[in-house]
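Here is the structure we will look at, set down as structure tokens.
FYI, it's all coordinate maths here, none of it is from the lab. All values reported here derive from a predicted model rather than from experimental measurement. Methodologically, a virtual Cβ is constructed for each residue, glycine included, from the backbone with ideal geometry; neighbour enumeration extends over all protein chains shown.
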Amino acid sequence: MVEWKKLGDIATLQKTKNKKHLTENAYSITQAGLVPTKSFFKEKTNITSHDTSGYYIVEKDWFVYSPSRIDVGSINYLKDDGPVIVSPIDVVFSVDANICLPSYLLEYFFTYKGKKDLLKRREGVEGMGRRNLPFNAIKSVQIPIPSLSEQQRIVGILDTFTSSISNLKEQLALRRKQYEHYRDELLDLEGKEGVEMKTIGEVCDVITGGEVPENTIKGQQAPTESHPFAVYTNGKDTYGYADTYQVDSDVVCVSSIGANTGAIFYKTGKFTPAIRLKVLIPHYGVNTKFLYYASMKIDFKGRNTGSVPNINANYVKSKSFFLPSLSEQSRIVSFLDTFEASISNLEAQIAAREKQYEYYRNKLLTFE
């Protein structure tokens, strides 16, 4: 049996200030959760202000949510031992654990309905960055309350998914670290036999993507027999066509303007490069995938000719890298491709598991 209760009937607003300086262990509520503030700063400091007397005290199992700013509606509870402190602009409340488990309530707030019910109570001007979510506004949110044993059963099922996802993410972080180590080691070619120092301009054609009119992109939503080339920019394909250079082969692309300047992409053929790309087309004797890996070791961000970062073709051509024999290039590519495939596989597993978790969370917590 499920009973629906207002949040205000099971929750109590907590406004105890840190006047006695009980702790300097500051936490912040973000879309990623309730995390130590020191994780945001290089100095690893716990304190975000010299005077923390106005900060709110948070005990274990108490909830914190952001009532304003970009993170408005972000919510979580303290799973660690308290007390800790949070910014005085945040909202802190506790729940009656004899009625509702904190872990259960959090899972409910993460469901489609829970998120919708919470965020629709925001007050202020939509689109003006002035939306806020006071505690009084969410007290009327209806929460489905089954028995404590049923809450524990639901949380246990969902914990299986979160544990699996965390494990996969740890594997992914380790695999990425291994990949970076071996990539750096394999590309450390200075002084090795048969290795030459080459500039990109010596071994590649560098093509600047042409400007693609907006109306041509909108005019075609899928490839056709006469225009099979996708418009490509910054890692995204948009089907359309334009009277610009069309790339048939696999190439390396460098983002050449804007905040993403210097980003490297490996792109398979049959596309039209947009104006913000420099396209590196290697000559015979250069493995395209090796060029991609070698380009990751090149700093393309050193040029800024104004308020908007940008690089031109001559700047790209001037960059140099170590070029071994084709057979050695192929060996390096084969090794690193194995890591990239493994990383992609783990990313796909995480995405699938997160999708399953979201599905079962909504299924288990929908009582209508």
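In table form, for the structure just shown:
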{"item": "Any hit, the range 305-313, residues being surrounded by fewer than 20 Cβ atoms within 10 Å (Cβ to Cβ), touching a helix residue (DSSP H, G or I) at 6+ places or on another chain (Cβ under 9 Å) and on the phi < 0 side of the Ramachandran plot", "result": "yes"}
{"item": "Looking only at the range 311-368, and only at residues there that are under 14 Å from LEU186 (Cβ atoms) and among the aromatic types (Phe, Trp, Tyr), the one that is farthest from the chain's Cα centre (by Cα)", "result": "PHE322"}
{"item": "Pair list, Cβ under 8 Å, 6 or more apart: the range 350-368 residue over 19 Å from ILE143 (Cβ atoms), other residue surrounded by 13 or more Cβ atoms within 10 Å (Cβ to Cβ) and of a type in the set (D, E, K, R)", "result": "ILE350/LYS169"}
{"item": "Matching residues in the range 55-72 - criterion: being assigned to a loop (DSSP other than H, G, I, E, B), in contact with a Ser or Thr (Cβ under 9 Å, 6 or more places away or on another chain) and not aliphatic (A, V, I, L, M)", "result": "TYR55, GLU59, ASP61, TRP62, SER66, ASP71"}
{"item": "Hits in the range 271-296 (condition: more than 13 Å from THR233 (Cα to Cα) and either β-branched (Val, Ile, Thr) or touching a Phe, Trp or Tyr at 6+ places or on another chain (Cβ under 6 Å) (or both))", "result": "ILE281, VAL286, THR288, TYR292, ALA294"}
{"item": "VAL286 being in contact (Cβ under 8 Å) with a residue 12 or more places away in the chain and in a loop (DSSP other than H, G, I, E, B)", "result": "yes"}
{"item": "Considering residues of the range 349-368 that are among the charged types (D, E, K, R) and assigned to a helix (DSSP H, G or I) only, the residue nearest to LEU158 (Cα to Cα)", "result": "ARG361"}
{"item": "Members of the range 328-349 found to be within 26 Å of VAL279 (Cβ to Cβ), among the polar types (S, T, N, Q) and without any contact (Cβ under 8 Å) to a residue 12 or more places away in the chain, listed by number", "result": "SER334, SER344"}
{"item": "Tally, over the range 1-28, of residues that are touching a Ser or Thr at 6+ places or on another chain (Cβ under 8 Å), farther than 11 Å from TYR56 by Cβ and aliphatic (A, V, I, L, M)", "result": "3"}
{"item": "Tally of residues being part of a loop (DSSP other than H, G, I, E, B) and buried (at least 16 other Cβ atoms within 10 Å of the Cβ) across the range 271-283", "result": "2"}
{"item": "Subset of the range 314-324 (residues that are out of contact with any strand residue (DSSP E or B) (no Cβ under 7 Å at 6 or more places or on another chain) and either in a helix (DSSP H, G or I) or surrounded by fewer than 14 Cβ atoms within 10 Å (Cβ to Cβ) (or both))", "result": "ASN314, TYR315"}
{"item": "Selection count where residues are assigned to a loop (DSSP other than H, G, I, E, B) and either out of contact with any strand residue (DSSP E or B) (no Cβ under 7 Å at 6 or more places or on another chain) or surrounded by 16 or more Cβ atoms within 10 Å (Cβ to Cβ) (or both), scope the range 192-212", "result": "7"}
